[in-house]
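One structure is given here, and the rest of the page talks about it.
Taken together, the values in this text are just the output of simple stated rules run on the coordinates, not laboratory data. Since the model is a prediction, treat every value here as computed from it, not as a measurement.
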Amino acid sequence: MFLTNKLRKVGFVKYLFLLLLVLFFSGCNSNPIKSPSSAPVEEEFVNNRQHTQGASVKFISTGVRAEIRRDIEMLRSELAARSGLRRRFVSASTLDHRYAAYHDAWRRVVERTVSRNYPAEAKEKKLAGSLVLHVAIRSDGSATETRIVRSSGYQALDKAALYVIRMAEPFAPFSDAIRKETDMIDIASVWHFRLGDE
């Protein structure tokens with residue numbers, strides 16, 4: 001009798017433990033990347049796939065205008081002159097496979113975030129344009145500096161680019177190989193906001 005009661009009690013404890021595990025994991029977010037939809041969305045941005053259908057941002061790597069190339073080179077020179085941290089300048093033309101892979105992963109996260117948070121004003125007014133953005137990323141994936149190097153000519157698009165970076169971070173932390181030689185990655189990217197098949 002005593003043994004039977006003890007077994008029943010153990011069975012009940014196991015059941016309770018399993019129930020608690022199910023409740024715990026059902027409340028967890030399995031996605032380690034910060035989801036833009038989980039944070040408050042400013043009214044000036046659209047957070048709805050139906051409304052943003054056909055609107056996206058393309059990262060330009062070839063056929064960049066001469067003045068944009070000059071802006072990027074000036075940025076590279078400015079960053080090289082800074083002292084203190086070990087910095088690495090990265091762009092779409094970076095050849096080192098470690099940094100190229102990091103840039104590619106960063107680009108995919110940003111593109112996904114843009115698709116969910118396209119600027120409402122740009123959508124309504126059918127604005128499109130290109131801009132150059134610089135973001136400095138620490139080894140833990142946090143963005144310490146974000147700025148527009150060359151404006152698109154539309155405040156709505158410039159603000160959207162800055163907003164997207166804020167929503168998408170933190171980015172992936174550096175790999176051990178990168179961390180050994182770099183404290184901060186400076187990414188320079190050319191964004192082209194577009195509608196439809198433009």
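Odds and ends about this structure:
- Normalised per residue, the volume of the convex hull around the Cα set of region 114-198 (Å³): 98
- Here the Karplus relation 6.51 cos²θ - 1.76 cosθ + 1.60, evaluated at θ = phi - 60°, turns the backbone of region 106-111 into coupling constants of 4, 4, 5, 5, 5, 4 Hz, with x for every Gly and Pro.
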